[in-house]
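**Q** The structure under discussion is supplied below as structure tokens; questions concerning it will follow.
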């Protein structure tokens, strides 16, 4: 499979009022052409920072990339200068933010907001840009696009606005689309429509999608592969099937058990006790150890090695060590 | 290929076997919050302390207050003492800030002016606070038609130019210290009422207030326990910023001849007197009162800014 | 839109009427006649004079007559300046004050916005600290102090500019500077705060994610939204410039409306005080109205609200 984007051992920190927050602590993953990779985790686990770092959208300062590589089209995005980054943003990699209400500029017509993206990257006339904008609005399912172009964001409903945001992100036909919690701010019925739209668009355009979410329900519907993030690291990564049916990391299991499902008995819903660790001074060992029901002495002392369960599926957990397997029969 | 490489590592010799035993954990430990949580006020105070400019302002104001209270006691002169033989003397060890055209000591008069300015500022802020909190609190809490009517009235008052109204009132009731405070209060409370109402309206709908209402808590208790602590931040800031505007208004009124009357001294009066001598070189007569007006307003403004930053919970990181 | 316009206009007239009525009765609660200080004149003259100014008639009749005259634009005669009407004084003073006020407002808006935007873009850099220190100083130094400092430094010590009066562009520099400092500082601070707020908005991130240049992001996406709150304070800023003209015109001996107003206060010329107040109020209310309309033009969300409200 063609690798469109490679993230290698990425480290990102933020200097704040209380000290340095190590938000991303060594994240590695590949994105394949035409796939949807979901990054899942609790809020504050570094999933949004990771995605925004790919486009170099984190404010620097206070943010700082302290290590790693992001390889896109044989170039390391981390080493690129602003003008080069601007050529990539919107044209090759696009982004959709969580809240469609705040993601659109309230005082500019949506037509202008869609068109300015193309006109930034392609030398075309205003009329051509307008035609393209109309085409995009039709693609994302907005009726009467000619009239709608001249309207302002507040004249659209939440779901419609998210469609416009998607149209805006896709107008230059990018290779990668990063969607940061794209359905969180929407009603459940609208959520389903937007997810369906993602699937349709992917079929038509072969765009690779990185989907950032905390909602496993969303993941189950659209993701090809899933990366589970905890305290700034990817603790488990695998195909959707592997993660849902053969989860290996206790945190992944915990996440799955804390999601309500229709086939669940009353009392099956188990929340994970405790809170994520403080990233001002992250633990030396496994960050989940403090909340882990199977915790061992080793977990606090050394960070677990990456263990491959299959070519696609790997996990960072000491329970995969043979010595632990002797102790815990369930694993 | 890749798969095998990692399977080889599934027993790591560097890690001793005895570490692979289940760890018994005190459950409370996992719930423990790592960073010590500070109370709202303590946290705000810490942040204010870090703001050097605001602290400098606070320091200056404390000094000014001491000067206003005790300064005249240590001076051999009074506000009214005239020595016609010692007119317009420049600053010296005898007259720290020089003397004016009637031979009065400018230092003593400046201290006295500080009393007037601080008194006017504090009183105006206090009266604004009392009226504003009651009016805005009622409007916000009652809501609906009461709120609508009360705010319509506020809107009209708010549209009037503050100083123009004050001038009119001063013309009618005559100059003097009490009338200045009265005139300033007539429209001054409007800003406070608006802020309080906005805060109350916003907070009223928060879940925790609804929660205490459903438990049948009395209205007075809700206001005291829930609403007040949450509205205090913006109110304190507004009060800190009311004081310099009141001090400015007093100086302004005195400057155009509507404020404090002779022989009393206020910075505005002294500046007005000093202005006529600007061409004759008696710079100290203008310099000291205007310096003190500006420094005092500056101190209050930076303190107000500092408080705003320190008290705004949104800025907590 | 039309209904809103009419509603707003009616509210404007009512507010103005309230101010006129309030001012009128306030002025007439002052005990005694305005001529009390000049009792030396004989009684016939006194009587004639009171008749001329209608002071012998019942208050409510005086009020009615005043309103009737006002509708025709007649603000009545001056009490202390015989043979002159309030309209005469305004006719002479207003053009000068208007010039002073307008130039001040333009200077304050332009320099304030530039200062605020630059400070926000260099947030927490030395330019930001410098700009904001200037702004806090500008707010803290009263305009009459600023005026005296400017005269002392730029007219007396180094005589670049004339000390007083309003006869050539060179004469205008110091008064305008003295008057503009405060409003400029207010606009600069407000612009900075609102710009910083806008810059953290998601739509700025969206614009950045589209690959737009920083210049485009600032001027197309940020500035317009950041200036909305600035527009709302223009009304009260105009009011503060207006009251500022009182002292500035006094200090620089500029024969404007503010100077006549302060003179009339000192000589207790009630009809002039009243007339000027009414005129000022009308001016400011009109200003607020214009500000509202501008706001509606700048923010597309406002129109919809009004349509929904109707």
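**Q** Using label points projected 7 Å from each Cα along Cα→Cβ, tell me how many nm separate residue B:63 and residue A:82, to one decimal.
**A** In this crude spin-label approximation the distance works out to 4.2 nm.
**Q** Here's a follow-up. Let me make sure I get this right: for region C:127-209, a, b and c are the square roots of the gyration tensor eigenvalues over alpha carbons, sorted descending. Under 1.5 in a/c it's rounded, otherwise prolate if a/b > b/c, else oblate. Which is it?
**A** Prolate shape, in that a/c is at least 1.5 and a/b is the bigger ratio.
**Q** Let me ask you something else. Relative to the first principal axis of the alpha-carbon coordinates of chain A, what is the inclination of helix A:158-170, with its axis defined by its Cα atoms, in degrees from 0 to 90 and to the nearest 10?
**A** Once rounded, one gets 90 degrees.
**Q** Just rank C:247, C:118, fewest to most, by other beta-carbon atoms within 10 angstrom.
**A** Ranked by crowding around the Cβ, least crowded first: C:118, C:247.
**Q** Please determine, in degrees from 0 to 90 and to the nearest 10, the orientation of helix A:188-205 with respect to the longest principal axis defined by the Cα atoms of chain A, where the helix direction is its Cα long axis.
**A** 80 degrees
**Q** Using the Cα gyration tensor of region A:94-187, with a ≥ b ≥ c the square roots of its eigenvalues, what is the shape: rounded (a/c below 1.5), prolate (a/b larger than b/c) or oblate (neither)?
**A** oblate
**Q** Sticking with this structure for a sec: Relative contact order for chain A: what is it in percent, counting Cα pairs under 8 Å that are at least 6 residues apart?
**A** 20 percent
**Q** So what is the calculated 222 nm ellipticity per residue for chain A, using -39500 (n - 2.57) for each DSSP H run with n of 4 or more, over all residues, to the nearest 500 deg cm²/dmol?
**A** That comes out to -9500 deg cm²/dmol.
**Q** Right, next: Kirkwood hydrodynamic radius of region C:184-282 from all distinct Cα pairs, in Å?
**A** 16.5 Å is the Kirkwood radius here.
**Q** What is the mean projected area of the alpha carbon convex hull for region A:193-249, to one decimal in square nanometres?
**A** 4.3 nm²
**Q** What are the semi-axes of the equivalent ellipsoid of the protein assembly as shown, taken as the square roots of 5 times the eigenvalues of the Cα gyration tensor, listed largest first and rounded to whole Å?
**A** In descending order, the three semi-axes are 66, 33, 27 Å.
**Q** Oh, and also: I need the calculated FRET efficiency for the pair residue B:157 and residue B:42, taking r as the beta carbon distance and R₀ as 25 Å, to the nearest 0.05.
**A** Taking R0 as 25 Å, the efficiency between residue B:157 and residue B:42 is 0.10.
**Q** Antiparallel versus total DSSP beta bridges in the protein assembly as shown: what percent is that, nearest 5?
**A** 65 percent
**Q** Residue A:150 versus residue B:92, label points 7 Å from Cα toward the beta carbon: distance in nm?
**A** 8.2 nm
**Q** Mean residue ellipticity at 222 nm from the helices of chain C, using -39,500 (n - 2.57) per DSSP H segment of n ≥ 4 over the full residue count, to the nearest 500 deg cm²/dmol?
**A** So the helix-based figure for chain C works out to -25000 deg cm²/dmol.
**Q** Return A:48, B:117 ranked ascending by Cβ neighbour count within 10 Å, so the fewest neighbours appear first.
**A** A:48, B:117
**Q** Moving to a separate point now. Which whole-number percent is the relative contact order of region A:1-155 (Cα, under 8 Å, 6+ apart)?
**A** For region A:1-155, the relative contact order is 20 percent.
**Q** While we're here: Taking N as the number of residues in chain A, what value does Rg over Cα atoms divided by 2.2 N^0.38 Å take?
**A** Computed over Cα atoms of chain A, the ratio equals 1.05.
**Q** Let me have the relative contact order for chain C, percent, based on Cα pairs under 8 Å that are six or more residues apart.
**A** Contact order relative to length: 26 percent.
**Q** Neighbouring Cβ atoms within 10 Å as the yardstick, rank B:153, B:300 fewest first.
**A** In increasing order of surrounding Cβ atoms, one gets B:153, B:300.
**Q** Next question, about the same structure. From the P(r) of chain C, can you give the percent of Cα pairs sitting at distances over 25 Å?
**A** 61 percent
**Q** Whole number please: convex hull volume per residue, Cα atoms of region A:1-111, in Å³.
**A** 148 Å³
**Q** Using the alpha-carbon centroid of each, what span in Å lies between region C:8-25 and region A:20-91?
**A** 61 Å
**Q** Would you mind computing, in nm to one decimal, how far apart the modelled labels at residue A:173 and residue C:124 are, each placed 7 Å from Cα along Cα→Cβ?
**A** So the label points at residue A:173 and residue C:124 sit 4.2 nm apart.
**Q** Between the helical axis of A:110-121 and the dominant principal axis of chain A, each derived from Cα atoms, what acute angle in degrees is found, rounded to the nearest 10?
**A** 80 degrees
Bear in mind that the values in this text are calculations on the coordinates, not laboratory data. As the structure is a computational prediction, the values presented were derived from the model and not from experiment. Reconstructed Cβ throughout: ideal geometry from the backbone, glycine too, with neighbour counts over all protein chains shown.
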